[in-house]
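Here is the structure we will look at.
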Amino acid sequence: MRLTRILFAAALMTAAAFAAATCDADNGGITLPQGFCAQVVADGLGEARHLAVAPNGDVYVALMGSEDKGGVMALRDSNGDGKFEMKEHFGSGSVTGIGLRNGYLYIAQPNTVLRYKLAKGELKPTVAPETVVAGLPGVRQHGDKGLTFDGKGSLYVNVGAPSNACQTKDRQAKSPGLDPCPILEKNGGIWKFDENKLNQKQEDGTRFATGLRQMPAITWHEGALYIAMNSRDQLDMMWPGTFTAKENAERPAEPLFKAVQGSNFGWPYCFFDYGVKKFLNNPEYGGDGKTADRCAPFTPPVAAFPAHWAPVDLAFHSGKQFPAKYKDGVFIAFHGSWNRTPQEQAGYNITFQPFSKGAASGDFEVFASGFPGKTPLMNPNDAAARPDGVAEGPDGSLFITDSQKGKVWRVMYKGGK
């Protein structure tokens, strides 16, 4: 009888039930545009990364950590107040990418993509996971995996490059780049797999896009794959005398790319400069801050964001609840910088980039801020919170996760249209 009541309450989490939720007086410590407010719907989950929201309002949060500190936390609002009273943990090992598809919950770990079958009304799976892809490259540097689906039977997974700039000796001053870069054979790109085939290896998939450094922020939208990439680090430390600390802190943009089959985005040969808004040679490949003779073949970004903000997730907005200006635009979770010393760190926000007819339209705006809890922030470890995952709820509200303490916010629009 108790289970029946819980399932019935979960079924009531329609748009009307969500709209009745009450926001926190301080928006859970974050700052939002006028008309918006936020409620902390869960806390203390651990190192929360990406999340997936079911049509009935259940939320699945990927957790980063070894053994049982990782896995997935399943959340359910059992009384209709908007907060998640039910918390069920399952799985183990570090998880980043997560997604719901055709009755399965898919999760992406550094070397593996698994899927759990979810019975109707079930919050926590009761059967063991199946292996969709195994043996993916994934080391400590840039090993985190995101995932997305194109709705036509294909699964997309990022395979980050275990390198900063494909140097002969990684992160060593004045070390030149390997040319051609052998890392790109099995890393530094997006791989496409059959979402329904089990026990695939990397060679069973196809390389969909290449020339990417690290990019767990991937999503499919209107016939194309969108990728927000973490650009290169340490321009000044690797190439003293050629680049200053200020140039390192400001020049290598965090690009948003639109990918189709065969796209090449230029890593490690070029980086997109935030100031001049074009590709320039990386210094490992003859760059001096002006030269661009290696960069003509590469596909430029559809939008660019300030250096070292560290994009880790993104979600397009369907326009169900927020004002019309947000329809079809993309929200990007910027985890925040570590590589801007001696300047203050930056990012640590949710940024909105408007879109129209499949292209970026207008300047980006910082949508949610205040996560660090202090200004200026000089050390990333001092941040109270760092945004990591973004996902749209069934009513169009926006869920945000935090990787410091494991908060989950739900952002709602309460103002006039």
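The values are calculated or read from the model by the stated rules, or taken from the named source; none is laboratory data. The structure presented is a predicted model; accordingly, all values stated were derived computationally and were not measured. Cβ: placed from backbone, ideal geometry, glycine included. Neighbour counts: every protein chain shown.
The residue list Asp194, Asp179 contains one member that is out of contact with any helix residue (DSSP H, G or I) (no Cβ under 7 Å at 6 or more places or on another chain), surrounded by fewer than 20 Cβ atoms within 10 Å (Cβ to Cβ) and not small (Gly, Ala, Ser), which is Asp194. If you go through the stretch 92-108 and pick out every residue that is part of a loop (DSSP other than H, G, I, E, B) and either touching a Leu at 6+ places or on another chain (Cβ under 8 Å) or of a type in the set (Ser, Thr, Tyr) (or both), you end up with 6. Restricting attention to the stretch 97-135, the residues that are out of contact with any Phe, Trp or Tyr (no Cβ under 8 Å at 6 or more places or on another chain) and closer than 14 Å to Asn158 by Cα add up to 7. Out of curiosity, is Gln234 closer than 23 Å to Thr112 by Cα and either at pLDDT 95 or above or hydrophobic (A, V, I, L, M, F, W, C) (or both)? Against the criterion (closer than 23 Å to Thr112 by Cα and either at pLDDT 95 or above or hydrophobic (A, V, I, L, M, F, W, C) (or both)), Gln234 does not qualify. The sole residue among Ala346, Ala333 that is at negative phi and surrounded by fewer than 23 Cβ atoms within 10 Å (Cβ to Cβ) is Ala346. Selection of the stretch 119-169 for residues being acidic (Asp, Glu) and in contact (Cβ under 8 Å) with a residue 12 or more places away in the chain yields Glu130, Asp144, Asp150.
Looking only at residues of the stretch 197-219 that are touching an Asp or Glu at 6+ places or on another chain (Cβ under 9 Å), surrounded by fewer than 17 Cβ atoms within 10 Å (Cβ to Cβ) and not polar (S, T, N, Q), we find that the one that is nearest to Pro129 (Cα to Cα) is Leu198. Note on the stretch 47-81: residues that are at positive phi and charged (D, E, K, R) amount to 1.
A Cβ distance below 7 Å, combined with a sequence gap of six or more or placement on separate chains, defines the contacts here; from the stretch 232-250, residues that are under 19 Å from Lys169 (Cα atoms) reach residues that are of a type in the set (Phe, Trp, Tyr) and outside any loop (DSSP other than H, G, I, E, B) in the pairs Arg232/Phe271. Give the stretch 240-277 a look and list any residue that's surrounded by fewer than 22 Cβ atoms within 10 Å (Cβ to Cβ), over 19 Å from Ala296 (Cβ atoms) and not β-branched (Val, Ile, Thr), or say none. Correct list: Pro240, Gly241, Phe243, Ala245, Lys246, Glu247, Glu250, Gln261, Tyr274, Gly275.
Just so you know, in the stretch 45-82 the residues that are modelled with pLDDT under 95 and assigned to a loop (DSSP other than H, G, I, E, B) include one that is surrounded by the fewest Cβ atoms within 10 Å (Cβ to Cβ), and it is Ser66. Mind listing just one residue for me: the one in the stretch 188-229 that is in a loop (DSSP other than H, G, I, E, B) and of a type in the set (Gly, Ala, Ser) and, of those, farthest from Phe257 (Cα to Cα)? Taking the candidates together, the pick is Gly205. Looking across the stretch 144-162, just one residue is over 16 Å from Arg101 (Cβ atoms) and surrounded by fewer than 20 Cβ atoms within 10 Å (Cβ to Cβ), and that is Pro162.
Given Val366, Val312, Val330, which one is under 19 Å from Gly29 (Cα atoms), modelled with pLDDT of 95 or more and of a type in the set (A, V, I, L, M, F, W, C)?
Details: Val312 fails: under 19 Å from Gly29 (Cα atoms); Val330 fails: under 19 Å from Gly29 (Cα atoms).
On inspection, the qualifying residue turns out to be Val366.
Within the stretch 109-154, how many residues turn out to be closer than 23 Å to Arg213 by Cβ, aliphatic (A, V, I, L, M) and assigned to a loop (DSSP other than H, G, I, E, B)? The number of residues fulfilling the criteria is 2.
The set of residues in the stretch 307-325 that are surrounded by 19 or more Cβ atoms within 10 Å (Cβ to Cβ) and either out of contact with any strand residue (DSSP E or B) (no Cβ under 7 Å at 6 or more places or on another chain) or on the phi > 0 side of the Ramachandran plot (or both) comprises His308, Ala310.
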